[in-house]
Amino acid sequence: QVSFVESGGAVVQPGGSLRLSCVASGYSFRTYTISWYRQAPGKERELVASLAAIGSNSRYHNSVKGRFTISRDNSRNTAYLQMHRLEPEATADYSCSVLLPPARFWGQGTQVTVSP
């Protein structure tokens, strides 16, 4: 059974940093692209970053480029999202996800709140 456990969310002041972690299980983590999504209250879920299984191909939402970094440790079945210079607009529930065709699987999420 595919599952994820996210952690690292917190309340942080604007300009601060956080590192989110996502431990995956139930599938071959090293074989698939891993992604971080976020959903803010009243808004649609959006892709924040994704990282391919092989090589270092990554994608980022335009609003986080240069401030967020996605990484993975295949030996630990873990993905990370390092976030710097956080802005109030980053307040959301962050979850990791994998596409195992035809289904996409999601974690429960971890809450990030950016507030003075």
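The values are calculated or read from the model by the stated rules, or taken from the named source; none is laboratory data. As the structure is a prediction and not an experimental result, all values here were calculated from the model. Please note: Cβ atoms are built from the backbone with ideal geometry, for glycine as well, and neighbour counts cover all protein chains shown. Please note that ligands, DNA and RNA were not included when accessible areas were found on the heavy atoms of the full protein model with its side chains. Shrake-Rupley method; radii C 1.70, N 1.55, O 1.52, S 1.80 Å.
For Phe68, the amide hydrogen comes within under 5 Å of the amide hydrogens of His84, counting only partners 5 or more places away or on other chains and with H modelled in the peptide plane.
In order along region 45-51, the Karplus-derived 3J(HN,Hα) couplings, from 6.51 cos²θ - 1.76 cosθ + 1.60 at θ = phi - 60°, round to 5, 9, 6, 8, 6, 9, 9 Hz, and Gly and Pro are given as x. Computed over the chain, relative contact order equals 36 percent, with contacts defined as Cα pairs under 8 Å that lie 6+ residues apart. Highest GNM mean-square fluctuation among Val48, Val11, Val98, for the chain modelled with Cα contacts below 10 Å: Val11.
Among all stretches of the chain without exposed trypsin sites (Lys or Arg not before Pro) (DSSP loop, at most 15 other Cβ atoms within 10 Å), which one is longest? Please report the intermediate quantities before stating the final value.
On the way: sites that count: Lys43, Arg45, Lys65, Arg67, Arg76, Arg85.
With a cap of 15 other Cβ atoms within 10 Å, the longest stretch comes to 1-42.
With a cap of 10 neighbouring Cβ atoms within 10 Å, and only residues DSSP puts in a loop, list the GluC sites (Glu not before Pro) found in region 6-70. Write down the numbers at each step before the final one.
Values: sites: Glu6, Glu44, Glu46; in loops: Glu44.
Here the sparse-neighbourhood loop sites are Glu44.
Close amide-amide hydrogen proximity is noted between Thr91 and Val114, each under 5 Å apart and 5 or more residues distant or on a separate chain (H modeled in the peptide plane; Pro and chain starts excluded). The GNM of the chain, with springs linking C-alpha atoms under 10 angstrom apart, assigns the highest mean-square fluctuation among Leu20, Leu47, Leu99 to Leu99.
Counting only protein heavy atoms and a probe of 1.4 Å, the accessible surface of the chain is 48% carbon and sulfur.
Take the chain, connect every pair of alpha-carbon atoms lying under 10 Å apart with a spring to form a Gaussian network, then pick out the residue of Ser17, Ser56, Ser75 with the largest mean-square fluctuation. In this elastic network of the chain, the residue with the biggest mean-square fluctuation among Ser17, Ser56, Ser75 is Ser75. Residues of region 63-97 falling in the label zone of Glu44, defined by backbone nitrogen less than 14 Å from a point 7 Å along Cα to beta-carbon, are absent. Taking all protein chains into account, the per residue accessible area for the chain stands at 55 Å² (1.4 Å probe). All other residues whose Cβ lies under 12 angstrom from that of Glu89 are scored, Lys and Arg at +1 and Asp and Glu at -1, for a net of +2.
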